Amino acid sequence: MAKARSAVPIRHPKRDAATATARFVIAAMYALPDQAIRDLLAGDLGDVGKWVARWRVDLPAMQQYAGEIVAFAGKCSQAEREELIHRSLWVTSSVAPSPAPAWLGDLRELDALTPDHLRQSLEDRVDESYRATYLQEQLADDPIVLARISADPLAESQEHFLCRAAEHYEARRQRLEHCAHREGFSAALQASTPALPRHIDWLIRFQLRGESAAEIAKADGRHSDSYGTVTKSILRLAHLIGLRLRPSRPGRPRTGRAPRRRANKK
């Protein structure tokens, strides 16, 4: 009896490009500053092409989606236009089919919370006799745990930081579940972190925020030589979705050393 071969996943370039494009459009719209959306709504459909070029999101899908936003905004009240500007109101589109716009809005607000510079865990702040109840009833509304976290090896041990990180993840998981229940969508948690969201993040940081590949690699705690990985990922993703990159090449910065001159032969 012949041995059964394991199934090999078949890649579909067009499908991969459509998925990457949709995710980039969603991520870019949330990464753009409020002023960018104000500028978009201040113009008309004829100005969309200039807008995507100005804000360095010159992508056919982004131009289509921006046009849909402008058309939708023309039917909105002033209050709804403000919600569009702050991305608390989402325009659903085939180009940007966000499955959970309410969660993306919540996530943006959570990321804007002031981090706890005291770097306290729940053990530091909540009495042990009440901690179990607190975890079930109040954790999802705790701004200290929900805010972004950072590590300071001079101020805390690795064990203490990882404890805070676990509390932070659990608080946001509970917050996501509450949002999903309120808005009526299904939230599937990630068993692992796929590469695409990370590469989209790198592309946005390079394209919209002006970071170099070396700066991105350093900020992510990667080895200095891994700038090449970041560079290749940015170039491949931009090519896949058809995005024109800004003039600066996303490579290693120059060392500043003067070029060597060849000695003249006599």
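Numbers below:
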item	result
Length gained when the stretch ARG173-LEU245 is fully extended (0.36 nm per residue, less Cα-Cα span)	22.4 nm
Dipole magnitude of the stretch 102-193 about its Cα centre (Cβ charges: Lys, Arg +1; Asp, Glu -1), debye to nearest 20	320 debye
Cα centroid of the stretch 56-87 to Cα centroid of the stretch 126-155, whole Å	37 Å
Most to least packed among 135-141, 68-74 [average Cβ atoms within 10 Å]	68-74, 135-141
Mean accessible surface per residue for the stretch 26-71, computed with a 1.4 Å probe while every protein chain stays in place, in Å²	43 Å²
With every protein chain in place, the stretch 100-169: carbon and sulfur % of accessible area (1.4 Å)	53 percent
Positive minus negative residues near ARG119 (Lys, Arg vs Asp, Glu; Cβ under 10 Å)	-3
Net charge contributed by nearby residues that have their C-beta within less than 10 Å of LEU208 (K/R +1, D/E -1)	+3
Estimated distance in nm for a label pair at LEU196 and TYR134, the labels positioned 7 Å out from Cα along Cα-to-Cβ	3.9 nm
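The values are calculated or read from the model by the stated rules, or taken from the named source; none is laboratory data. These figures come from a predicted structure and were not determined experimentally. No Cβ is skipped: glycine too gets one built from the backbone with ideal geometry, and neighbour counts run over all protein chains shown. Remember, those area values only see protein heavy atoms, side chains included, never the ligands or the DNA or RNA. Shrake-Rupley method; radii C 1.70, N 1.55, O 1.52, S 1.80 Å.
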